[in-house]
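Undergrad: Following this message is one structure expressed as C-alpha cells.
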Amino acid sequence: MDSNPTTTTTSSSHPINEIINNLNNQDLLLFNLQSLTELLSISNEFHLLSTNYNNLISSLIQILSNYQNNAEIYLLACRSLSTTIDIFPLAILPFIHKNGLIPLKNLLLNTMYLDLADHILKPILKISFDFPRDILNANLLFPSLQYCDFFDLHLQRTAFQILSNVTSSLHSFTQNGMFSLFH
C-alpha cells in the first residue's frame, strides 16, 4: 500500500469504513449510528476521500427507507447525511442518483417531531443550492413547507430558503410548469 498521505485509496481499516460495514447489524445499529455521527463531526474531506463514501450514502438511504417509527435512528441517519454533505459535497451526487430524496420526502411527510424535521430539512437545503430541479422532481416543496405554522423561526427560514432556491431555478420553466410545483 502506498504510504503517501495524499493518496485517496479506500482503506477497509479506516474507522468510518468499519462503522459502515457494521451498519447492517440490527442489534448495534443505534450504537453504530452514534459512533458514525461522532466520527463524522470531527472528520474532514480527506477522511471521507479515504473511505467508501458511496457505501456510506447507500447505507444511510437504506436506513432512512426502512426504519418505521424510530425517530432516534432517523435523527442520527439524517445528522450523518447532513454532516457528510457538509464536509464532502460530492456525496450529494450518489445520494441523488440512488434516489435518496424519496426517503427524506416520506420522512418529512410522516414525522411528528420538529427536531427530526429540522434534521431532515438540513440535507434538503444543502441539495437545493446546487440541485434545485432534483428537489422539484422529488416533489419536496410541499413536504418542506407543510409544517411552517409549527416551525420555529430557524426552521421556517430553512423551509423558505429551499423554496427560494428551487423557484429561482425555474426561469427556464414555462408558465404551465409552475402549476406542478406543489403536486
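The values are calculated or read from the model by the stated rules, or taken from the named source; none is laboratory data. Keep in mind that what you see is a predicted model, and the values were worked out from it rather than measured. When we count neighbours, we look across all protein chains shown, and the Cβ atoms used for this are built from the backbone with ideal geometry, even at glycine. These accessible areas exclude ligands, DNA and RNA; they are computed on the full protein's heavy atoms, side chains included. Shrake-Rupley method; radii C 1.70, N 1.55, O 1.52, S 1.80 Å.
Undergrad: State whether one or more residues within the range 117-128 are under 15 Å from ARG79 (Cβ atoms), open to solvent by less than 10 Å² (accessible area, probe 1.4 Å), at pLDDT below 95 and of a type in the set (Val, Ile, Thr).
TA: Looking for residues that are under 15 Å from ARG79 (Cβ atoms), open to solvent by less than 10 Å² (accessible area, probe 1.4 Å), at pLDDT below 95 and of a type in the set (Val, Ile, Thr), one finds at least one in the range 117-128, hence yes.
Undergrad: Which residue pairs have Cβ atoms closer than 7 Å, lie 6 or more positions apart in sequence or on different chains, and pair a first residue in the range 90-103 that is part of a loop (DSSP other than H, G, I, E, B) with a second residue that is surrounded by 21 or more Cβ atoms within 10 Å (Cβ to Cβ)?
TA: Qualifying pairs under 7 Å: LYS98/ILE57; LYS98/ILE61; GLY100/ILE57; GLY100/ILE61.
Undergrad: Kindly list the number of the only condition in (1) within 25 Å of LYS105 (Cα to Cα); (2) of a type in the set (A, V, I, L, M, F, W, C); (3) crowded, with 21+ Cβ neighbours inside 10 Å that fails for LEU29.
TA: (3)
Undergrad: Something else: Of the conditions (1) open to solvent by 30 Å² or more (accessible area, probe 1.4 Å); (2) closer than 22 Å to GLU18 by Cβ, SER65 clears all except one; give me its number.
TA: (2)
Undergrad: Can you tell which of LEU81, LEU107, LEU155 is of a type outside the set (S, T, N, Q), modelled with pLDDT of 95 or more and part of a helix (DSSP H, G or I)?
TA: LEU81
Undergrad: Here's something else I'd like to know. Among the listed residues ASN165, ASN99, which satisfies the condition of being at pLDDT 90 or above and open to solvent by 30 Å² or more (accessible area, probe 1.4 Å)?
TA: ASN99
Undergrad: Checking LEU30 against (1) more than 25 Å from THR158 (Cα to Cα); (2) modelled with pLDDT under 90, only one condition comes out false. Which one?
TA: (2)
Undergrad: Could you tell me whether SER80 is free of Cβ contacts under 8 Å to residues at least 60 places away in the same chain, open to solvent by 40 Å² or more (accessible area, probe 1.4 Å) and on the phi < 0 side of the Ramachandran plot?
TA: When the stated conditions are applied, SER80 does not pass them.
Undergrad: Are any residues in the range 32-45 open to solvent by 20 Å² or more (accessible area, probe 1.4 Å), within 14 Å of PRO15 (Cβ to Cβ) and assigned to a helix (DSSP H, G or I), and if so, which ones?
TA: GLN34, SER35, GLU38, LEU39, SER41
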